[in-house]
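Read through the structure below, which is laid out as structure tokens, and then see the notes.
The values are calculated or read from the model by the stated rules, or taken from the named source; none is laboratory data. Remember, predicted model here, so these are calculated numbers, not experimental data. Just the protein is used for accessible areas: all its heavy atoms, side chains included, with ligands, DNA and RNA removed. Shrake-Rupley method; radii C 1.70, N 1.55, O 1.52, S 1.80 Å.
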Amino acid sequence: MTEPAQLIEAARAAAAHAHAPYSRFAVGAALLMEDGSIVTGANFENASYGLSLCAETVAIASASAAGRLRQIVAVGVIGGAMDASGRPTGTMPVSPCGRCRQVINEAAQMGGRDLPVYCGAAEGDAMRTYRLSELLPDAFGPADLGIG
């Protein structure tokens, strides 16, 4: 299985654990680490909408909590409207929101990488591949503060 396909499958598995009772839109994210392992996250909504956490943020926070923020080498994300059983559906790729692009940028700059971001569909083979610099050109981050 290719790196993008592996990350998309891991993101799909993570999305099955999304807590999205308000939007009914499940998102899963998967991070490929330097050693080949994968760290995942799913969105976690809150009744106070602004306190909700995106899947990408959950995954990156997990990597950071394990002391592995600088070891991220690729990102995969999927999302889709939830069916009656809570499974994400849809054949269109989704991409990280603006906030998540900024959070991914933090990890990317700390690791000195322009990360590939694989954006997949909840179902099917549709996928788009970007470099983070394409999704967030001229990003502000640790390098702008003299931290790297």
The stretch 43-128 - percent of accessible surface contributed by carbon and sulfur, probe 1.4 Å: 56 percent
If I ignore ligands, DNA and RNA and count only protein heavy atoms, how much of E56 is accessible to a 1.4 Å probe, in Å² to the nearest 10? 10 Å²
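Report the rotationally averaged projected area of the chain based on its alpha-carbon convex hull, in square nanometres.
Mean shadow area of the hull around the Cα atoms is 8.6 nm².
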Karplus couplings for the stretch 124-130 from phi (6.51 cos²θ - 1.76 cosθ + 1.60, θ = phi - 60°), rounded to Hz, Gly and Pro as x? x, 9, 4, 7, 10, 10, 10
Accessible surface, per residue, of the chain when the full set of protein chains is kept, probe 1.4 Å, Å²: 48 Å²
